[in-house]
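Chemist: Structure provided below as structure tokens; questions to follow.
The values are calculated or read from the model by the stated rules, or taken from the named source; none is laboratory data. It should be emphasised that the depicted structure is a prediction, and the values quoted were computed from it without experimental measurement. For neighbour counting, all protein chains shown are included, and Cβ atoms are generated from backbone atoms with ideal geometry for every residue, glycine included. We work out accessible area using only protein heavy atoms, side chains counted, and drop any ligands, DNA or RNA first. Shrake-Rupley method; radii C 1.70, N 1.55, O 1.52, S 1.80 Å.
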Amino acid sequence: MNFPLQYLTTVKELLKPEDFYLKENGLVYETIVEISEYTTPDVALVYQRMKDTGREEQVGGMSFLVSLISVSETKTPIRQHCLLVKRKSLQRKLAEFSSKTLKASMDDGEDVFEALREAEGYLSGINGELAQMRVTPIENVAMNVIDTFCNKVEKAKSGEVDDSLVYTGIREWDEINGALFNGVYVIAGRPAMGKGVHLTQLAVNMGRKYRIGIINGEMTNEQLLTRIGCNMKGIDNFLFKKNPKYVTEDEIQLVTEAMEEAMNLNIRLEDKRRIDTFANKIKLWRQQDDIQCVLADFLTIFQVPPEHERYMTDTQKVNYVLNVFVNLAKDLKIPIILYAQMNREILGRHGKKEPNLADLKQSGSIEELAYQVSFLHRPEYYDPTATVDEDGNDIKEHAVRLQYLMR
């Protein structure tokens, strides 16, 4: 078994032999670091080096090295695993620091000023190690980019499905955008442009393949799941507005089948509107269920905490909510598709009524913060004669997606 040098660069930057809880692990690590100065370490080289330096007996010989290899496989990224080891090491050092400080404070024979100097130096060392954990050298970033890119190419060429790539399942969207980026996508449209249908279709497409969460501020969870089920089984939504006396047994069976099918989707639902409430829910979904994407409907309906709301304009509220989504996408490394309403000015516009960024309701910082802004537009809604697009494709009763901004 070899120890790749690119991984050792990351490990050596974060860990010292004394960071390991078991002394034996620290000795093995120290030996690996020594060998890495002139060649790529492997088990045989590590064993020979430990034998030459008298460390072999301290760890129990080759059997100990073999036992380490048998438990060393982990899906945790190497840097994250190192940070976990470092965090535990610092916790032990803090406990030791607290114990020594407490003992010195109760010892009448201790020079209190000398004890303070020692405590200050010890704590300064711990702070230095904490600061080191927060630094990401450019070499590590570059290696991560190369590893990620090469891994995706290798999987694609071998025909292996890359679970880290998330697509919407909407052909036109995926052809233009490819896999979703870990950022906020804003999809905007006027009422009757198809935002609800678009959201429902995304929920069905993505819920069949990925683990997704939906923050639904406009409807209850029951209402949204009803729409999703209707989409899957081709049920007219008006069935649920029908006088119950006239609902047939076949229609009851159809609704039952729709809900059973909807239950198989890998979806988490939340219909609370408070941004702080559902932001915590999204973090929980990511931590416990490893969700891969979040859909949120819609931007201006979400509420900021009451203690902030009274001091904010409508635009500031939108900016606050948008910033929370942007930070969530960045911190949790997931794409977030956020739906937004448009203002009414488009209705008074002469000529073509194609939407643009200025039509976004309380647009604020949307243009700056969103990874991409897209618009849902139905030309025939405004002009009954508009039945084909510029390429001659039939657009009657279809929402036409117009992409205006892409980062």
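Chemist: For a quick check of your reading of the model, give me the residue pairs whose first member lies in the range 13-41 and is more than 17 Å from Lys86 (Cα to Cα) and part of a loop (DSSP other than H, G, I, E, B), whose second is open to solvent by less than 30 Å² (accessible area, probe 1.4 Å) and not basic (Lys, Arg), with beta-carbon atoms closer than 6 Å and at least 6 apart or on different chains.
Modeler: Note: pairs meeting the criteria are Pro41/Ile32; Pro41/Ile35.
Chemist: Under the condition of being aliphatic (A, V, I, L, M) and at pLDDT 75 or above, which residue from the range 69-98 is farthest from Lys16 (Cα to Cα)?
Modeler: Ala95
Chemist: Surrounded by 14 or more Cβ atoms within 10 Å (Cβ to Cβ), closer than 19 Å to Arg268 by Cβ and in contact with a Pro (Cβ under 9 Å, 6 or more places away or on another chain): is that true of Val204 in this structure?
Modeler: Working: surrounded by 14 or more Cβ atoms within 10 Å (Cβ to Cβ): yes; closer than 19 Å to Arg268 by Cβ: yes; in contact with a Pro (Cβ under 9 Å, 6 or more places away or on another chain): no.
So Val204 does not fit the description; no.
Chemist: Then there's this: Given (1) β-branched (Val, Ile, Thr); (2) part of a loop (DSSP other than H, G, I, E, B); (3) free of Cβ contacts under 8 Å to residues at least 24 places away in the same chain, where does Ile291 come up short, assuming only one miss?
Modeler: (3)
Chemist: Right, next: Within the range 99-148, how many residues are of a type in the set (A, V, I, L, M, F, W, C), open to solvent by 60 Å² or more (accessible area, probe 1.4 Å) and either modelled with pLDDT of 70 or more or on the phi > 0 side of the Ramachandran plot (or both)?
Modeler: 6
Chemist: Can I ask one more? Select from the range 236-258 the residues that are among the polar types (S, T, N, Q) and not in a helix (DSSP H, G or I) and write down the one among them that is surrounded by the most Cβ atoms within 10 Å (Cβ to Cβ). Give the derivation first.
Modeler: Let us first name the residues in the range 236-258 that are among the polar types (S, T, N, Q), namely 237, 243, 248, 253, 256.
Narrowing further to those that are not in a helix (DSSP H, G or I): 243, 248.
Working: Asn243: 6, Thr248: 10.
By that ranking, first place goes to Thr248.
Chemist: Mind checking which pairs have a first residue in the range 248-259 that is under 10 Å from Gly229 (Cβ atoms) and touching a residue at least 24 places away in the same chain (Cβ under 8 Å) and a second that is surrounded by fewer than 15 Cβ atoms within 10 Å (Cβ to Cβ) and of a type in the set (Val, Ile, Thr), Cβ under 9 Å, 6 or more apart or different chains?
Modeler: These pairs meet every condition: Val255/Val247.
Chemist: (1) assigned to a loop (DSSP other than H, G, I, E, B); (2) modelled with pLDDT under 85; (3) of a type in the set (A, V, I, L, M, F, W, C): which one isn't true of Ala358, the others all being true?
Modeler: (1)
Chemist: Restricting to the range 168-192, what's the tally of residues that are of a type in the set (A, V, I, L, M) and buried (at least 22 other Cβ atoms within 10 Å of the Cβ)? If you could, list the steps in order and put the result at the bottom.
Modeler: Pass one, the range 168-192, residues of a type in the set (A, V, I, L, M): 170, 176, 179-180, 184, 186-188, 192.
Now restrict to residues that are buried (at least 22 other Cβ atoms within 10 Å of the Cβ): 180, 184, 186-188.
Residues in the range 168-192 being of a type in the set (A, V, I, L, M) and buried (at least 22 other Cβ atoms within 10 Å of the Cβ): 5 in total.
Chemist: Report whether or not Leu165 is open to solvent by less than 20 Å² (accessible area, probe 1.4 Å) and free of Cβ contacts under 8 Å to residues at least 60 places away in the same chain. Explain how you work it out, then say what you get.
Modeler: Values: open to solvent by less than 20 Å² (accessible area, probe 1.4 Å): no; free of Cβ contacts under 8 Å to residues at least 60 places away in the same chain: yes.
No.
Chemist: Let me ask another. Filter the range 259-280 down to the residues that are touching a Ser or Thr at 6+ places or on another chain (Cβ under 9 Å) and outside any helix (DSSP H, G or I), then identify the one that is least open to solvent (accessible area, probe 1.4 Å). Before you say what the answer is, go through the steps one by one.
Modeler: If we filter the range 259-280 for residues that are touching a Ser or Thr at 6+ places or on another chain (Cβ under 9 Å), which is where we start, we get 259, 262, 270-271.
Next cut, outside any helix (DSSP H, G or I) only: 270-271.
Working: Glu270: 13, Asp271: 46 Å².
The residue in question is Glu270.
Chemist: In the range 281-319, which residue that is within 23 Å of Lys195 (Cα to Cα) and among the aromatic types (Phe, Trp, Tyr) is surrounded by the most Cβ atoms within 10 Å (Cβ to Cβ)?
Modeler: Phe302
Chemist: Determine whether Arg211 is under 19 Å from the mean Cα position of the chain (by Cα), of a type outside the set (A, V, I, L, M) and open to solvent by 50 Å² or more (accessible area, probe 1.4 Å). Break it down stepwise before answering.
Modeler: Values: under 19 Å from the mean Cα position of the chain (by Cα): yes; of a type outside the set (A, V, I, L, M): yes; open to solvent by 50 Å² or more (accessible area, probe 1.4 Å): yes.
So Arg211 fits the description; yes.
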